[in-house]
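Structure first, then comments.
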Amino acid sequence: MEGLNFGSQEVKMIDRSNISLSGVNKIVSFDDEEFLMETTVGNLQLLGEGLELLKLDTNDGNVKIKGKINSFSYIDGKIKEKQESVFNKLFK
């Protein structure tokens, strides 16, 4: 797989309202309904409502997100960045 760093990943979800992920290499894009991430085991899409980034640890690859989580799935192939980057959203 292109751009894949092999490693482990841990996903912990509590009550469908909080999710913690390890092994995240990059958050490609996010908004209150979707997070697209490159992880050590593949590209990950998280869908929900009122999603909010609580923690981003770029050194360890840990991410915490809260909101109503409807689904998360690994997707094959490259994921396209949305027009507005993560940094543009963070520094508004």
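The values are calculated or read from the model by the stated rules, or taken from the named source; none is laboratory data. Keep in mind that what you see is a predicted model, and the values were worked out from it rather than measured. Cβ placement follows ideal geometry from the backbone for every residue including glycine, while neighbour counts extend to all protein chains displayed.
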Practice task
Kindly list, by first and then second residue, each pair from a residue in region 30-43 that is under 10 Å from VAL63 (Cβ atoms) to a residue that is among the hydrophobic types (A, V, I, L, M, F, W, C) and assigned to a strand (DSSP E or B), limited to pairs with Cβ atoms under 6 Å and residues at least 6 apart or on different chains.
Solution key: PHE35/LEU46; MET37/VAL24; MET37/ILE27; MET37/LEU44; THR39/VAL24
Handout entry: Selection from region 11-22 of residues that are more than 14 Å from ASN70 (Cβ to Cβ) and either surrounded by 20 or more Cβ atoms within 10 Å (Cβ to Cβ) or touching a residue at least 60 places away in the same chain (Cβ under 8 Å) (or both)
Key = VAL11, LEU21
Completion exercise
When LEU36 is run through (1) crowded, with 16+ Cβ neighbours inside 10 Å; (2) part of a loop (DSSP other than H, G, I, E, B); (3) modelled with pLDDT of 95 or more, the failure sits at (2)
Completion exercise
Note: among LEU51, LEU56, just one is modelled with pLDDT of 60 or more and farther than 14 Å from ASP32 by Cβ, namely LEU56
